[in-house]
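Written out below as structure tokens is the structure these notes cover.
The values are calculated or read from the model by the stated rules, or taken from the named source; none is laboratory data. These numbers were taken from a predicted model, which means no experiment stands behind them. Note that each Cβ is placed from the backbone with ideal geometry, even for glycine, and that neighbours are counted across all protein chains shown.
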């Protein structure tokens, strides 16, 4: 079929996509695509490399086809190909495209603005990183390849979109492994780099301490002028803490405007973190967001073998497959199970086989978070910044009644307490508990914002109680 005069069609399709998908996603994945051949029923789109081709084909094919049809064109068959280099070969390296992505302010860590020694008021300290968390020990699969590649680019000091990286994943999927791998790599290769690695909770506590001791200027100096790379874990901890968010937003702006770098981790997309300042939400939404999905079976088997090798252990193939089939969402649980196998084998003098693996896994599955009424009260009160005793007070103010209703809702979900006992714990009657929790269920059903808030609190509750066990 003869080619059609399609000048400007792809640019028009791109303009449509620019308005319908996140800006960072557009710049990262759509903008580099070139139009190859185009006929009435067939379009060839050229990607910079094989990794880029596979990602776009899997994630954005539907959006691109929709955009094509929105422009009044018939739905074509889209073929995805890779731009050939001078030798006629496609670029197979997924890292190379990430290396080329940069903003106008992009500079390497090595060229960050240095502060004269006589201006340094805060002593820089070597961050405490787990030496086991390296890129070599990270098992790469389809579910985490993008985050791994982006982390390698950051570690190499090469330009990346906005010089900032947001690693998104559920607990136990490798966020902290990657952030600490970046830190360990930098401290090994560039001993003079000023790396700040901490959790958002550490940041908040340090800020409170600085305010109490009237050393807030030194606190600002530490993170704004004496830091080349800031790595912040669990940024969702700042939810609802507006003053801390304000200080952090200023710090982040200062760092990035100075050509410094930033990596953070979270269980949530920025738009799903409740009680987040609009300017901070916007800033975080504008960086490179790299999700990590639960690993597939093949990747899980590689992880099991890797974790076993770290303990000088060779597991039977049936045990490897059994663990990979049964533990699907949490890499930490895989590691814990292997440690349990080794321990039980040593104590009982039994060989590690399928029967022993079943026993260890059964024991682990019986270990549930110790969530009771008091812990629910403590977590919810802390999240809403009220006193625990307020939850049992007669107050009907929304600021008290809403978190109280959440507590009673969680008590029904997580404990075996009767409705009457739950009511007594909050100074409420049986019928009041039923009415309040039913009303909250309806609000969750009708309001995406409230649903996000409840999901956020639920994750926080489970994480807190697991940590306390």
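In the range 137-172, how many are out of contact with any strand residue (DSSP E or B) (no Cβ under 9 Å at 6 or more places or on another chain), under 21 Å from residue 271 (Cα atoms) and buried (at least 18 other Cβ atoms within 10 Å of the Cβ)?
Number satisfying all stated conditions: 0.
Return a yes/no flag: does the range 265-275 have any residue that is over 16 Å from the mean Cα position of the chain (by Cα), in the same structural domain as residue 162 (by TED's automatic domain parsing) and surrounded by fewer than 19 Cβ atoms within 10 Å (Cβ to Cβ).
Of the range 265-275, the ones over 16 Å from the mean Cα position of the chain (by Cα) are 275.
After this cut, where a residue has to be in the same structural domain as residue 162 (by TED's automatic domain parsing) as well, the list is 275.
Checking which are surrounded by fewer than 19 Cβ atoms within 10 Å (Cβ to Cβ) leaves us with 275.
Yes, some residue in the range 265-275 is over 16 Å from the mean Cα position of the chain (by Cα), in the same structural domain as residue 162 (by TED's automatic domain parsing) and surrounded by fewer than 19 Cβ atoms within 10 Å (Cβ to Cβ).
When you check residue 416 against the structure, is it in a loop (DSSP other than H, G, I, E, B) and over 22 Å from residue 272 (Cβ atoms), yes or no? Break it down stepwise before answering.
Working: in a loop (DSSP other than H, G, I, E, B): yes; over 22 Å from residue 272 (Cβ atoms): yes.
So residue 416 passes the test.
Scanning for something outside any helix (DSSP H, G or I), in contact (Cβ under 8 Å) with a residue 12 or more places away in the chain and surrounded by 18 or more Cβ atoms within 10 Å (Cβ to Cβ), does the range 127-136 turn up at least one residue?
For the range 127-136, residues outside any helix (DSSP H, G or I), in contact (Cβ under 8 Å) with a residue 12 or more places away in the chain and surrounded by 18 or more Cβ atoms within 10 Å (Cβ to Cβ): present.
May I ask you to list the residues in the range 287-336 that are touching a strand residue (DSSP E or B) at 6+ places or on another chain (Cβ under 8 Å) and either part of a loop (DSSP other than H, G, I, E, B) or within 17 Å of residue 135 (Cα to Cα) (or both)?
Scanning the range 287-336 gives 287, 290, 292.
Quick check on my filter: what residues within the range 183-202 are out of contact with any helix residue (DSSP H, G or I) (no Cβ under 7 Å at 6 or more places or on another chain), within 15 Å of residue 128 (Cα to Cα), assigned to a helix (DSSP H, G or I) and free of Cβ contacts under 8 Å to residues at least 60 places away in the same chain?
The answer is 183, 184, 188, 202.
Within the range 249-263, identify whether any single residue is within 12 Å of the chain's Cα centre (by Cα), in a helix (DSSP H, G or I), in the same structural domain as residue 229 (by TED's automatic domain parsing) and in contact (Cβ under 8 Å) with a residue 12 or more places away in the chain, and answer yes or no.
Taking every residue of the range 249-263 in turn, none turns out to be within 12 Å of the chain's Cα centre (by Cα), in a helix (DSSP H, G or I), in the same structural domain as residue 229 (by TED's automatic domain parsing) and in contact (Cβ under 8 Å) with a residue 12 or more places away in the chain.
Could you please give the count of residues in the range 27-59 that are farther than 20 Å from residue 167 by Cβ and touching a helix residue (DSSP H, G or I) at 6+ places or on another chain (Cβ under 6 Å)?
Of the residues in that region, 6 qualify.
Condition (residue is free of Cβ contacts under 8 Å to residues at least 24 places away in the same chain and farther than 16 Å from residue 264 by Cβ) applied to the range 220-231: is it met by at least one residue?
no
Go through the range 283-301 and give me each residue that's surrounded by fewer than 21 Cβ atoms within 10 Å (Cβ to Cβ) and within 29 Å of residue 28 (Cα to Cα).
Those that are surrounded by fewer than 21 Cβ atoms within 10 Å (Cβ to Cβ) and within 29 Å of residue 28 (Cα to Cα): 283, 285, 286, 291, 293, 294, 296, 297, 298, 299.
Do you know which residues across the range 268-278 are over 22 Å from residue 160 (Cβ atoms) and either outside any helix (DSSP H, G or I) or modelled with pLDDT of 90 or more (or both)?
Those that are over 22 Å from residue 160 (Cβ atoms) and either outside any helix (DSSP H, G or I) or modelled with pLDDT of 90 or more (or both): 273, 274, 275, 276, 277, 278.
Scan the range 48-80 for residues that are farther than 26 Å from residue 150 by Cα, at pLDDT 75 or above and outside any helix (DSSP H, G or I) and jot them down.
Hits for the range 48-80 are 78, 79.
For the range 344-375, how many residues meet the condition of being at pLDDT below 85 and either outside any helix (DSSP H, G or I) or more than 30 Å from the chain's Cα centre (by Cα) (or both)?
Final tally of qualifying residues: 6.
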